[in-house]
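This report refers to the structure that appears directly beneath it.
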Protein chains: 2
Amino acid sequence: MSNPLIRKLENFTTFSEDDKQALNKATQQVRHCRAREDIICEGDCPEVVNLLMEGYACRYKDMQDGRRQIIAYFVPGDLCDISVFILREMDHSIATVSPATVALIPRDTMLDLMVHHPRIAQALWWSTLVDEATLRAWIVNVAQRTAYERMAHLLCELFFRLRAVGLTNGHSCQLPVTQAELAETLGLTPVHVNRTLQDLRRDGLLELRGKVLTIFDLSALQRAAQFNPNYLHLGHDGEDFHASHSERGDQGNSMNPPM
Amino acid sequence: MSNPLIRKLENFTTFSEDDKQALNKATQQVRHCRAREDIICEGDCPEVVNLLMEGYACRYKDMQDGRRQIIAYFVPGDLCDISVFILREMDHSIATVSPATVALIPRDTMLDLMVHHPRIAQALWWSTLVDEATLRAWIVNVAQRTAYERMAHLLCELFFRLRAVGLTNGHSCQLPVTQAELAETLGLTPVHVNRTLQDLRRDGLLELRGKVLTIFDLSALQRAAQFNPNYLHLGHDGEDFHASHSERGDQGNSMNPPM
DNA sequence: CGCCGTGTTGACTATTCTCAACCCAGGTGG
DNA sequence: CCACCTGGGTTGAGAATAGTCAACACGGCG
């Protein structure tokens with residue numbers, strides 16, 4: 001089984017064998033979580049970085065009245081909280097969605113990786129910036145689109161991201177998410193999520209049942225969602241980057257971490 | 001007139017005179033823009049970092065059908081696009097809202113700052129992470145709250161941010177934003193924005209006219225908005241951080257930039 | 001067997017949108 | 001100096017998307 005972090009970051013750049021070994025070594029220590037277990041809570045200031053190896057997790061914010069908004073999904077290969085390097089206190093929480101395996105990367109290991117492996121450091125920056133771009137796409141999604149388009153967009157995104165780490169199977173992928181969770185993600189009610197999924201199914205675009213998502217016609221779904229995958233920056237930007245800026249010469253130790 | 005960037009970052013940490021001089025020097029070269037002028041467009045890959053010195057700007061995404069979603073506001077002291085260090089191509093655009101003064105910081109100057117002034121580098125990381133936290137808060141806002149609460153939340157946030165750079169005047173601040181722009185920000189129609197502002201005014205919470213926002217009762221407004229300012233991380237996290245982690249000893253050259 | 005979590009359906013409600021008209025202030029040109 | 005034009009703000013009436021509440025179906029599991 002290949003390391004999903006490496007797999008993910010290779011969508012941006014190409015690693016040396018040495019880089020890969022370092023990443024593999026850093027992700028040895030793992031922890032197994034049940035479904036719906038909190039990994040970090042609002043207010044915490046954890047000392048390790050959590051990397052999702054298997055399963056699904058999410059970032060969420062609780063509101064006073066008990067409602068919850070899911071702000072991001074994590075799929076294998078995603079780092080949950082690089083921000084702990086700087087911000088004193090978490091302003092949101094992170095929890096598993098399905099049973100999951102999480103690698104715990106100690107802060108110092110992380111620092112080491114970034115100092116001695118500039119290409120890794122650069123790739124981690126890339127992944128942070130992609131996360132930010134994804135947040136922007138989500139704002140557009142909930143603010144501008146109808147329930148039908150929103151759902152289509154979310155499922156497109158998840159499918160693309162899973163595919164980027166090799167976790168799709170033809171037109172299908174695992175998606176162990178309840179309709180209630182989709183509702184908390186899209187700012188809809190569970191009832192309306194249910195009806196929206198029925199509409200998508202009726203239109204022959206997709207099916208979501210038994211924790212499996214099947215997309216019958218991806219390009220039709222993209223069209224329905226107005227989905228433009230550019231914000232995922234899956235185009236191996238890193239390679240081009242090296243090519244066009246390789247004269248700069250200061251890559252050696254310049255991608256160092258925040259502290 | 002003090003440098004708004006310094007003023008902003010001092011909400012996180014304390015600079016030496018040397019740090020401040022470097023920042024002042026880096027922000028010498030400025031450019032004046034009219035209202036509603038694009039600074040960077042989707043697809044560009046600019047070679048300078050834009051820092052807003054005076055006026056208001058925003059980040060936005062265009063949709064196929066001509067709708068536009070505003071994703072962030074920039075107030076004086078905000079850096080528009082540190083991400084240009086890594087991502088090949090902008091996946092959104094940036095434009096002024098009012099007439100504005102923008103400092104152009106060349107990439108190399110930025111690198112220099114980060115390499116030779118670790119406290120600045122750390123503060124820039126902080127500002128990036130706060131931007132990300134703000135995106136999360138916006139997702140919650142558009143996904144979960146009513147028009148009334150949404151508007152209250154946005155205006156609370158802007159007031160807090162302006163206050164943090166000394167741009168409020170008692171209960172008031174400049175806010176040269178049209179109702180149509182507020183609509184594009186909150187995912188509402190201009191008509192509904194108009195009615196919502198009337199409701200807020202009728203309830204004695206605030207007034208927005210002639211490009212001036214006046215908040216009559218800030219804590220009532222916060223309550224109405226369920227506004228929790230923790231995501232702005234204005235609590236001088238940097239100081240605490242130094243205190244609690246000062247033994248680490250690797251701060252000297254560890255906050256280096258992405259390339 | 002019965003319970004609980006999840007998904008499904010129906011009927012009714014409400015927040016928000018759409019469209020269209022109108023007002024007002026400021027700037028421009030005749 | 002006035003007429004006009006334009007951008008922004010305001011109002012009304014009707015439509016639509018999404019929410020609420022309540023009931024029921026289904027399957028897994030203790």
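The values are calculated or read from the model by the stated rules, or taken from the named source; none is laboratory data. Predicted model, so just to flag it, every value in this text is computed and none were measured. Here the Cβ positions follow ideal geometry from the backbone for every residue, glycine too, while neighbour counts run over all protein chains shown. Just so you know, the surface numbers come from the protein's heavy atoms only, side chains and all, with ligands and any DNA or RNA stripped out. Shrake-Rupley method; radii C 1.70, N 1.55, O 1.52, S 1.80 Å.
General remarks:
- In the set (1) open to solvent by 70 Å² or more (accessible area, probe 1.4 Å); (2) in a strand (DSSP E or B), A:Arg36 fails one condition alone, (2).
- Selection count, the range A:74-89, where residues are assigned to a loop (DSSP other than H, G, I, E, B) and either touching a Leu at 6+ places or on another chain (Cβ under 9 Å) or open to solvent by less than 10 Å² (accessible area, probe 1.4 Å) (or both): 8
- Single residue of A:Asn194, A:Asn169 found to be under 21 Å from A:Asp217 (Cα atoms) and within 12 Å of DNA strand C (Cβ to nearest atom): A:Asn194
- Residue match in the range A:3-26 (condition: closer than 30 Å to B:Leu232 by Cβ and open to solvent by 20 Å² or more (accessible area, probe 1.4 Å)): no
- Residue pairs meeting the criteria (Cβ under 8 Å; at least 6 apart or on separate chains; first of a type in the set (Lys, Arg), in the range B:35-51; second open to solvent by less than 60 Å² (accessible area, probe 1.4 Å)): B:Arg36/B:Ala95; B:Arg36/B:Thr96; B:Arg36/B:Val97
- Residues of the range B:212-241 that turn out to be within 13 Å of chain A (Cβ to nearest Cβ) and in a strand (DSSP E or B), as a count: 0
- Given (1) in a helix (DSSP H, G or I); (2) of a type outside the set (S, T, N, Q); (3) open to solvent by 20 Å² or more (accessible area, probe 1.4 Å), index of the condition A:Leu124 fails: (3)
- Selected residue (criterion: nearest to the chain's Cα centre (by Cα)) from residues of the range A:43-73 that are closer than 24 Å to A:Asp108 by Cα, at pLDDT below 95 and open to solvent by less than 80 Å² (accessible area, probe 1.4 Å): A:Val49
- Residue within the range A:96-111 that is assigned to a helix (DSSP H, G or I) and more than 10 Å from every other protein chain (Cβ to nearest Cβ) present: yes
- Failed item in (1) more than 25 Å from B:Gly66 (Cα to Cα); (2) touching a His at 6+ places or on another chain (Cβ under 7 Å); (3) among the polar types (S, T, N, Q), with A:Asn169 passing the rest: (2)
- Here B:Arg163 passes the criteria (1) away from chain A (no Cβ under 11 Å); (2) over 22 Å from A:Arg88 (Cα atoms) except the one numbered (2).
- Condition check for B:Leu218: within 16 Å of DNA strand D (Cβ to nearest atom) and modelled with pLDDT of 95 or more: no
- Listed here are the helices (runs of 4 or more DSSP H) enclosed by the range A:127-211 that have at least 3 residues being surrounded by fewer than 18 Cβ atoms within 10 Å (Cβ to Cβ) and modelled with pLDDT of 95 or more: A:147-164, A:190-202.
- Within the range B:138-155, residues that are at the interface with another protein chain (Cβ under 9 Å from one of its Cβ atoms) and within 12 Å of DNA strand C (Cβ to nearest atom) have Cβ atoms under 6 Å from residues that are aliphatic (A, V, I, L, M) and open to solvent by 10 Å² or more (accessible area, probe 1.4 Å) in these pairs: B:Val142/A:Val142; B:Val142/A:Ala143; B:Ala143/A:Val142, counting only partners at least 6 apart in sequence or on another chain.
- The set of residues in the range A:212-227 being open to solvent by 20 Å² or more (accessible area, probe 1.4 Å) and closer than 28 Å to B:Leu186 by Cα consists of A:Gln222, A:Arg223, A:Ala224, A:Gln226.
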